[in-house]
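First comes the structure, then the notes that go with it.
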Amino acid sequence: MAPAQRPDNTLSGGPSPWLPQKGTVVSRQRQTHDVITLGLEVPGTFSYHPGQFNMLYVHGVGEVPISISGHRTAENGHTVVFHTIKVVGNVTQALARLKKGESLGIRGPYGSAWPIETFAGNDLVLIAGGIGLAPLRPLFLHVLEHREAFGNVFLLYGARTPADIVFRRDLEQWRKRFDINIEVTVDHAWAGWYGNVGVVTKLVARAPFDPVHAVCYICGPEIMMWFTVQTLRERGVPDTNVFLSMERNMKCAIGFCGHCQYGPEFICKDGPVFPLPKIWKYLRIREL
Amino acid sequence: MEPKAYILARESFEALLQSLKSRGYTLIGPTIRDDVLWYAEIQSVEDFPIGWTDVQGPGQYRLQKQDRDTLFGFTVAANTWKSFLFPPRLLLWRSKRTENGIEFEQPTRSIPKLALIGVRACELAAIQVQDRVFLQQEFVDPEYQARREQAFILAVNCGTAAATCFCTSLGTGPKASNGYDLALTELPDGKRLLIEVGSEQGDEVIQDLPVHPAKPADLQEAEQVIQNTVSQITRELQTEGLQTFLYAQYENPHWDEVAKRCLTCGNCTLVCPTCFCSTVEDRSDLSGDLAERWRTWDSCFSLEFTYLHGGPIRTSAKARYRHWLLHKLATWIDQFGTLGCVGCGRCITWCPAGIDLTEEVRSLQRLAHREVDHAKS
């Protein structure tokens, strides 16, 4: 007997949610020795919310989730979606080798977004570690566009070394503005680096935001996010104003494959962006 | 209103199968393969394991011939119906390299119209659990949907229980309560089958058959069969407050103890009728011009399952068993509004180490209580 409850979004006869569409590489921008930003042109408009991700497929190699780091509208009316990719495995390596004009598979956008609309008037603190700046970049661009809607705005960024800083050109541009606070730190420095040295939590501890009215958006390695949360708590930022972007192995991005489970949460559809209270108790459980 | 119930003579069971066949259904039913009961395509009642029963225990499975010619005198087969609704291997799409870049192509295939013959109450509950996963979330799996919507379900109420059965603890059996087209109970004389109608399609099939309406005495007899089965079920899983309890057990030392026995082979996940995890395989031809993406069943017991840059997240056997058990009995409820366990007992039978989740839950409870007692004293 057929199932009793028939959902409204029945896809009977329609395209499979597993099927990607074709995207074309229209730009390649090397960020660091192992990070590259690909501009992928997709037909028509592509709407997404900052914090969401796409599944990118390289012909015959595989498919990986990559957060959306920005977009622009091309002259032909199509959309160029940017993905900033760190080479960590065979699929990301194949992605990084794609040349201009080559095509790949793209499907999305998937997942939850950084909540921003409800926080007009608050101080905003974006805290990123390493490649974690990528999913925060569209949020930051949104904030710049609607700058007057918010209180003080901070971008606190930590990279391993000066050579690992991504979006260097953006950071240099943004630093010229007087209405935002940008701090960059590196774990290890060398001669010629005149900036901060140390973990990003040091920046969090001393940034002059109003803790009670600050909203914090964090993306980086789990251990960095954990210590950042500790610092935010010490400063008195309410947990409900803290949002984190999580990462797990993912094969489908549509809640079927089961790989991305994190406690009861599916990172692909309940996340990747979570309010801290929702995942707080799982952050320190090993091998979850 | 009472469901419509009829009596069909045992010798006319073949007519029921042929009626389904004539309606274009491929029959999937119980057979014997490799000395186990196995759901597979059948042609007639000849393929049935007539008179056979199964003896199951932790890490044990034996077939035995009975002195009665029962059609359904066993409990559950080694495999599950999910093999037919959620195929173990499935081509998702092809990617072709052309002059204009790569092109994606969805395979066109005819979806088999299946009649599932002999679905047990716990198995029916499992199908309904998978319905929630594949049909009632944000995304719908079109392959599952197409197979599921066409499927005809002939349920069978259990006339016997295995030592591994615990459907009564989970309220899923041994009698099928809804979701079937027809539900059958083999009456003790071995000559009559009581058939209850659960859908219009079921009603139509019944019209083809030499049946007569069931009398109250027949219904009582069928009820007695169920009660007799219930009395055979000894295994228990206490579900009250279980979710809350398990959420507090991430650091329970008992996980280390299970890990000493668990081989992380993944058998429990493959025989589980609700487990839905899958992975994908990318393969290409020698020229590299044609690539295919296949979906295959996966198990959370494999190391690759949680592979992230730098390595797997759940490296220890402890973490993998903990994930599996907590998923079945706790996190599943938050995800899909139901338990991920239906009490069929397969994971107990097919565990080469005989690990029994009902027993592991009790051990977790014992240890947790001991710690509470320690804290008090």
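The values are calculated or read from the model by the stated rules, or taken from the named source; none is laboratory data. Everything quoted here is computed from the prediction, not taken from an experiment. Note that we place each Cβ from the backbone using ideal geometry, even for glycine, and neighbour counts take in every protein chain shown. Side chains are part of the model used for accessible areas, which takes the heavy atoms of the whole protein and leaves out ligands, DNA and RNA. Shrake-Rupley method; radii C 1.70, N 1.55, O 1.52, S 1.80 Å.
Things worth noting here:
- The listed residue being within 13 Å of chain A (Cβ to nearest Cβ), within 30 Å of A:Gln21 (Cα to Cα) and part of a strand (DSSP E or B), out of B:Phe104, B:Phe139: B:Phe104
- Top-ranked residue of the stretch A:119-146 - restricted to ones that are among the β-branched types (Val, Ile, Thr) and under 14 Å from the mean Cα position of the chain (by Cα), ranked as farthest from A:Ile85 (Cα to Cα): A:Ile127
- From the list B:Arg314, B:Arg362, the lone residue that is assigned to a loop (DSSP other than H, G, I, E, B) and basic (Lys, Arg) is B:Arg314.
- Screening B:Ser83, B:Ser12 for residues that are modelled with pLDDT of 95 or more, over 16 Å from B:Leu116 (Cβ atoms) and not in a strand (DSSP E or B) leaves exactly one candidate, B:Ser12.
- Taking the listed residues B:Val211, B:Val156, B:Val225, the one that is touching a strand residue (DSSP E or B) at 6+ places or on another chain (Cβ under 6 Å), open to solvent by 20 Å² or more (accessible area, probe 1.4 Å), outside the structural domain of B:Cys272 (by TED's automatic domain parsing) and more than 30 Å from A:Gln261 (Cα to Cα) is B:Val211, with no other qualifying.
- Exclusive hit being open to solvent by 70 Å² or more (accessible area, probe 1.4 Å) and touching a residue at least 60 places away in the same chain (Cβ under 8 Å), set B:Glu186, B:Glu138, B:Glu200, B:Glu236: B:Glu236
- If only residues of the stretch B:156-186 that are over 21 Å from B:Val55 (Cα atoms) and hydrophobic (A, V, I, L, M, F, W, C) are counted, the one that is farthest from the other protein chains (Cβ to nearest Cβ) is B:Leu170.
- Residue match in the stretch B:72-85 (condition: crowded, with 23+ Cβ neighbours inside 10 Å, touching a Ser or Thr at 6+ places or on another chain (Cβ under 6 Å) and either touching a residue at least 60 places away in the same chain (Cβ under 8 Å) or away from chain A (no Cβ under 11 Å) (or both)): yes
- Residue match in the stretch B:151-166 (condition: touching a residue at least 12 places away in the same chain (Cβ under 8 Å), hydrophobic (A, V, I, L, M, F, W, C) and farther than 30 Å from B:Val230 by Cβ): no
- Residues in the stretch B:15-53 that are part of a strand (DSSP E or B), more than 21 Å from B:Pro112 (Cα to Cα) and of a type in the set (A, V, I, L, M): B:Ile32, B:Val36, B:Leu37.
- Residue list for the stretch A:246-287, filter: more than 9 Å from every other protein chain (Cβ to nearest Cβ), open to solvent by 10 Å² or more (accessible area, probe 1.4 Å) and assigned to a helix (DSSP H, G or I): A:Pro277, A:Lys278, A:Trp280
- Any chance B:Thr269 is surrounded by 18 or more Cβ atoms within 10 Å (Cβ to Cβ) and in a helix (DSSP H, G or I): yes
- Restricting attention to the stretch B:161-183, the residues being open to solvent by less than 20 Å² (accessible area, probe 1.4 Å), within 27 Å of B:Asp203 (Cβ to Cβ), of a type outside the set (Gly, Ala, Ser) and assigned to a loop (DSSP other than H, G, I, E, B) number 3.
- Total residues in the stretch A:58-83, condition under 16 Å from the mean Cα position of the chain (by Cα) and more than 20 Å from A:Thr45 (Cα to Cα): 2
- Of all residues in the stretch B:298-317, those being more than 10 Å from chain A (Cβ to nearest Cβ) and open to solvent by 50 Å² or more (accessible area, probe 1.4 Å) number 1.
- Selection of the stretch A:252-267 for residues being without any contact (Cβ under 8 Å) to a residue 24 or more places away in the chain and within 19 Å of the chain's Cα centre (by Cα) yields A:Cys260, A:Gln261, A:Glu265, A:Phe266.
- Of all residues in the stretch A:99-110 being within 11 Å of chain B (Cβ to nearest Cβ) and open to solvent by less than 40 Å² (accessible area, probe 1.4 Å), the one that is farthest from A:Gly60 (Cα to Cα): A:Tyr110
- Entry remark, the stretch B:318-338: residues being open to solvent by 30 Å² or more (accessible area, probe 1.4 Å) and either in a helix (DSSP H, G or I) or at the interface with chain A (Cβ under 8 Å from one of its Cβ atoms) (or both) number 3 in total.
- The combined condition, being open to solvent by 30 Å² or more (accessible area, probe 1.4 Å), assigned to a loop (DSSP other than H, G, I, E, B), modelled with pLDDT under 95 and assigned by TED's automatic domain parsing to the domain that holds A:Thr32, is not fulfilled by A:Gly121.
- Residues of the stretch B:278-297 that are crowded, with 19+ Cβ neighbours inside 10 Å and not aliphatic (A, V, I, L, M): B:Ser278, B:Thr279, B:Arg293, B:Arg295, B:Trp297.
- Unique match (being of a type in the set (Asp, Glu), touching a residue at least 40 places away in the same chain (Cβ under 8 Å) and within 30 Å of B:Glu281 (Cα to Cα)) among A:Asp270, A:Asp210, A:Asp239: A:Asp270
- One residue stands out among those in the stretch B:258-311 that are aliphatic (A, V, I, L, M) and at pLDDT below 95: the one that is nearest to the chain's Cα centre (by Cα), which is B:Leu308.
- Boolean, A:Tyr57 is open to solvent by less than 20 Å² (accessible area, probe 1.4 Å) and within 24 Å of A:Thr185 (Cα to Cα): no
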